[in-house]
Amino acid sequence: MLRMVDKEYIRKKHFLEGWSIRELSRQLKISRQTVRKMLKDGEIPKYHRKKPKPSPVMDPYRDVIENILEMDTNAPPKQRHTSARIYERLHDEYGFKGGESTVRRYVRSLKDVKNECFLLLEAAPGEQMQIDFGEAQIYLKISL
């Protein structure tokens, strides 16, 4: 697998020094398709899981936690469950054997879902002004 250093080397040789794809392929002993892929994508390669990581301790209780949080949406803010209280309920009522940090991490992942919000700014002509800082010369003709 090629590392980010190799990718940068390929991009530098091609774009700055003018090496051809065939020459890069021959010198580095990699396929031309790989060289093309490196040239096309300039971002850092990222790993993406195909399936979520299994969690044998937490999996049976995920639905219970989601139900508790769902019921809390209608409750007043002071009466909602904290992660510690959810852990206590799981431990006492359902015999949960995992740790409190496991429950906290899962609850945080559920609560961190943030919706993007956009505010459309509209103004009538002459009603609003936007200024970028900079320098300008203005010639004003004032007649009285």
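Residues of segment 33-68 that are open to solvent by 40 Å² or more (accessible area, probe 1.4 Å), outside any helix (DSSP H, G or I) and more than 30 Å from Glu23 (Cα to Cα): His48, Arg49, Lys50, Lys51, Pro52, Lys53, Pro54, Pro56, Val57.
Residues that are open to solvent by less than 70 Å² (accessible area, probe 1.4 Å) and farther than 17 Å from Asp112 by Cβ within segment 69-99 comprise Ala75, Pro76, Ala84, Tyr87, Arg89, Leu90, Gly95, Phe96, Gly98, Gly99, listed in sequence order. Pick out the one residue from Glu66, Glu70 that is among the acidic types (Asp, Glu) and touching a residue at least 12 places away in the same chain (Cβ under 8 Å). Among Glu66, Glu70, only Glu66 is among the acidic types (Asp, Glu) and touching a residue at least 12 places away in the same chain (Cβ under 8 Å). Per the listing Leu28, Leu2, Leu24, the residue uniquely within 28 Å of the chain's Cα centre (by Cα) and among the aliphatic types (A, V, I, L, M) is Leu2.
The values are calculated or read from the model by the stated rules, or taken from the named source; none is laboratory data. Remember, it's a predicted structure, so these values are computed and weren't measured experimentally. Here the Cβ is made from the backbone with ideal geometry for all residues, glycine too, and neighbour counts use every protein chain on show. The accessibility values were calculated without ligands, DNA or RNA, using every heavy atom of the protein model including side chains. Shrake-Rupley method; radii C 1.70, N 1.55, O 1.52, S 1.80 Å.
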